[in-house]
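The values are calculated or read from the model by the stated rules, or taken from the named source; none is laboratory data. What you see is a predicted model, and the numbers here were worked out from it, not measured in a lab. With ideal geometry, Cβ positions are generated from the backbone for all residues, glycine too; neighbour counts draw on all protein chains shown.
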Amino acid sequence: MAADPITLIVGDEELLVERAIGDVVASSRADDPDTEVIDLAPGGLEPGRLAELTSPSLFGGGKVLVLRSAQDLGKDLTAEVLKYAKTPAEDVVLVAVHHGGAKGKALVDGLSKLGGRKVACPKVTKMGERIDFVRSEIRRAGGKISADGARGLLDAVGNDLRELASACSQLVADTGGKVDDVAVARYYRGRAEVSGFAVADKAIEGQLADALEQLRWALATGVAPVLIVSALAQGVRGLAKVGGAPRGARGAALAKDLGMPPWKIERVQRQLRGWSGEGVARALTAVAHADAQVKGGAADPAYALEKTVADIVAARAAR
């Protein structure tokens, strides 16, 4: 068969895992369109079942056995899988999916030593990794996007990989492949601008009218008040963290100390230019008060948020 006889998929990023499985199935069916796919969880693999599934069929035809949650197999079934992997059947492809981590590591080590092809599908958690994912998705669809454009798409769509993959595919299809900041803004302006972070940025930058406009739009389109307060709090705390950093600290060392990506630190540093230490302290008090209000202390959360935005803008002018 065209596919490798043994494939080990390690990681728990669902989209990437499903793609890796799909690639194996597609490769197998390219050689034999009638290849049967059998999906198995550890509970469906009692002792002897693997030998039964991998034995020659009277009717011929290939098989792809997808063994899910392989870290839960247990000692005996792990030994059975490894024994099979030493002499795999010619018309069978085995795909073992392991979530990663220490549990069931003997299977990962064993299949690796036996020459199984390994595919890593770790969680995509860091901003840099998400930007790389978006750029890779755009290339996969036949287009190009800058790092700034990818960041804009993340701001607009969020961090869910399935939604990002869908957005990338749609953008390439609609733009002919050149995905720039203008295209991202044109297609996703609504989603980006109603986010709490847009409200927070405008308030922190002292743009009261724009901040209130964004706030009312966000509320009108269903953004929960508690999420807007959270964004305001993150924005003001970012001012406090970056503003309180040692003067000589910069670059990767500063990013590590603050737990923030360099691009975000640069953005906050630009925002800090209009702030004093006293003003940041007043803004922190305002968002703490707003948090209590939207969680039950205020009869009108919308009014409480408008007042908080105004207080943050006023705090910026404090000297």
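Miscellaneous remarks
- Test: Lys126 is basic (Lys, Arg) and either closer than 29 Å to Leu67 by Cβ or at pLDDT below 85 (or both): no
- Each residue in the range 107-127 was checked for being part of a helix (DSSP H, G or I) and surrounded by 14 or more Cβ atoms within 10 Å (Cβ to Cβ), and 6 of them qualify.
- Candidate set: the range 284-312, residues that are within 19 Å of Val242 (Cβ to Cβ) and more than 30 Å from the chain's Cα centre (by Cα); chosen: the one surrounded by the most Cβ atoms within 10 Å (Cβ to Cβ): Ile312
- When we screen Arg282, Arg216 for residues that are closer than 24 Å to Ala156 by Cα, assigned to a helix (DSSP H, G or I) and of a type outside the set (A, V, I, L, M, F, W, C), the only hit is Arg216.
- The listed residue being closer than 30 Å to Ala102 by Cα and not aliphatic (A, V, I, L, M), out of Glu52, Glu36: Glu52
- Candidates Ala253, Ala231, Ala156, filtered to the one that is closer than 30 Å to Gly277 by Cβ, at pLDDT below 75 and in a helix (DSSP H, G or I): Ala253
- Unmet criterion (only one of (1) within 22 Å of Asp109 (Cα to Cα); (2) in a strand (DSSP E or B)) for Ile21: (2)
- In the range 1-28, the residues that are under 23 Å from Asp132 (Cα atoms) and not charged (D, E, K, R): Ile9, Val10, Gly11, Leu15, Leu16, Val17, Ala20, Ile21, Gly22
- For the range 46-82, a tally of residues being closer than 17 Å to Thr35 by Cα, within 33 Å of the chain's Cα centre (by Cα) and without any contact (Cβ under 8 Å) to a residue 60 or more places away in the chain returns 4.
- Residue satisfying condition, being over 20 Å from Thr7 (Cβ atoms), without any contact (Cβ under 8 Å) to a residue 24 or more places away in the chain and of a type in the set (Val, Ile, Thr), within set Ile131, Ile145, Ile138: Ile131
- Whichever residue in the range 295-319 is part of a helix (DSSP H, G or I) and over 22 Å from Ala209 (Cβ atoms) and, among such residues, is modelled with the highest pLDDT: Lys295
- Restricting Leu16, Leu65, Leu50 to those that are more than 28 Å from Glu163 (Cβ to Cβ) and in a helix (DSSP H, G or I) reduces the list to Leu50.
- Residue check for Gly222: of a type outside the set (S, T, N, Q), assigned to a loop (DSSP other than H, G, I, E, B) and either touching a residue at least 40 places away in the same chain (Cβ under 8 Å) or in the same structural domain as Arg151 (by TED's automatic domain parsing) (or both): no
- Among the residues of the range 15-60, those that are of a type in the set (Gly, Ala, Ser), under 23 Å from Lys83 (Cα atoms) and surrounded by 11 or more Cβ atoms within 10 Å (Cβ to Cβ) comprise Ser28, Ala41, Gly44, Ala51, Ser57.
- Evaluation of Pro88 against (1) over 30 Å from Ser136 (Cα atoms); (2) part of a helix (DSSP H, G or I) (one fails), failing number: (2)
- Cross-chain or 6+ apart pairs with Cβ under 9 Å, the range 253-275 first and within 11 Å of Gly238 (Cβ to Cβ), then surrounded by 15 or more Cβ atoms within 10 Å (Cβ to Cβ) and among the hydroxyl-bearing types (Ser, Thr, Tyr): none
- Long-range neighbours under 6 Å by Cβ, at least six apart or interchain, first residue in the same structural domain as Ser28 (by TED's automatic domain parsing) within the range 92-106, second at pLDDT 90 or above and polar (S, T, N, Q): Val93/Ser28; Val95/Thr7; His98/Gln71; His99/Gln71; Lys103/Gln71; Gly104/Gln71; Ala106/Thr78
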